[in-house]
1. Does GLN3 satisfy being touching a residue at least 40 places away in the same chain (Cβ under 8 Å), surrounded by fewer than 19 Cβ atoms within 10 Å (Cβ to Cβ), closer than 16 Å to THR115 by Cβ and out of contact with any His (no Cβ under 8 Å at 6 or more places or on another chain)?
2. List the number of the failed condition for ASP91; all other conditions in (1) surrounded by 15 or more Cβ atoms within 10 Å (Cβ to Cβ); (2) closer than 29 Å to ARG104 by Cβ hold.
3. I'd like to verify a number: residues in region 40-63 that are open to solvent by less than 50 Å² (accessible area, probe 1.4 Å) and at pLDDT below 95, how many?
4. What number of residues within region 87-97 are in contact with a strand residue (DSSP E or B) (Cβ under 6 Å, 6 or more places away or on another chain) and not in a strand (DSSP E or B)?
5. Is one or more of the residues making up region 7-19 within 10 Å of the chain's Cα centre (by Cα), among the aliphatic types (A, V, I, L, M) and either within 30 Å of PRO105 (Cβ to Cβ) or open to solvent by 50 Å² or more (accessible area, probe 1.4 Å) (or both)?
6. Return only the number of the condition from (1) modelled with pLDDT under 95; (2) in a strand (DSSP E or B); (3) among the small types (Gly, Ala, Ser) that ALA23 does not satisfy.
7. Among (1) under 22 Å from GLN1 (Cβ atoms); (2) under 16 Å from the mean Cα position of the chain (by Cα), where does SER30 come up short?
8. I'm checking my understanding of the structure. Among residues of region 99-115 that are under 12 Å from the mean Cα position of the chain (by Cα) and part of a strand (DSSP E or B), which one is surrounded by the most Cβ atoms within 10 Å (Cβ to Cβ)?
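The values are calculated or read from the model by the stated rules, or taken from the named source; none is laboratory data. Since the model is a prediction, treat every value here as computed from it, not as a measurement. Positions of Cβ are backbone-derived with ideal geometry, glycine not excepted, and every protein chain shown enters the neighbour counts. SASA here: full protein model, heavy atoms, side chains in, ligands and nucleic acids out. Shrake-Rupley method; radii C 1.70, N 1.55, O 1.52, S 1.80 Å.
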Amino acid sequence: QVQLVESGGGLVQAGGSLRLSCAASGIIFSINDMGWFRQAPGKQRELVATITRGGLTNYGDSVKGRFTISRDNAKATVSLQMNSLKPEDTDVYYCNAHISSIGRPAGDDYWGQGTQVTVSS
């Protein structure tokens, strides 16, 4: 059973920083793209950042220059360093990964349970 477990959310004042982490576990053959998305109640899930296995990154326009995504392939983890946080960054953040596992060589998309980030003004 493949799982993604997130950690690191919380409450921070505007201008502050938080770091989110996500670890994949289970019988994993390979992890392709990994990323972070966020979603507020009643809104569509929004891209925050993605990173390929080789380290190529892509960011949503609203976080460019403030957030940095990274991954450790050996540890099957992906992290999101969030700096200069704004109240509009308040959301539930979800980890995502495309993972090939036993019996599933083409891979599937997996999601974490979500972690709340709240930025106060």
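1. Values: touching a residue at least 40 places away in the same chain (Cβ under 8 Å): yes; surrounded by fewer than 19 Cβ atoms within 10 Å (Cβ to Cβ): yes; closer than 16 Å to THR115 by Cβ: yes; out of contact with any His (no Cβ under 8 Å at 6 or more places or on another chain): yes.
Answer is yes for this residue.
2. Single failed check for ASP91: (2).
3. Result for region 40-63: 1.
4. Of the residues in region 87-97, the ones in contact with a strand residue (DSSP E or B) (Cβ under 6 Å, 6 or more places away or on another chain) are 87, 89-97.
From what is left, the residues that are not in a strand (DSSP E or B) are 87, 89-90.
Of the residues in that region, 3 qualify.
5. Scanning region 7-19, I find no residue that is within 10 Å of the chain's Cα centre (by Cα), among the aliphatic types (A, V, I, L, M) and either within 30 Å of PRO105 (Cβ to Cβ) or open to solvent by 50 Å² or more (accessible area, probe 1.4 Å) (or both), so the answer is no.
6. Of everything listed in (1) modelled with pLDDT under 95; (2) in a strand (DSSP E or B); (3) among the small types (Gly, Ala, Ser), ALA23 misses just condition (1).
7. (2)
8. Going residue by residue through region 99-115, those that are under 12 Å from the mean Cα position of the chain (by Cα) are 110-115.
Subsequent filtering for residues that are part of a strand (DSSP E or B) retains 110-111, 115.
Details: TYR110: 19, TRP111: 15, THR115: 22.
Ranking the qualifying residues of region 99-115, first place goes to THR115.
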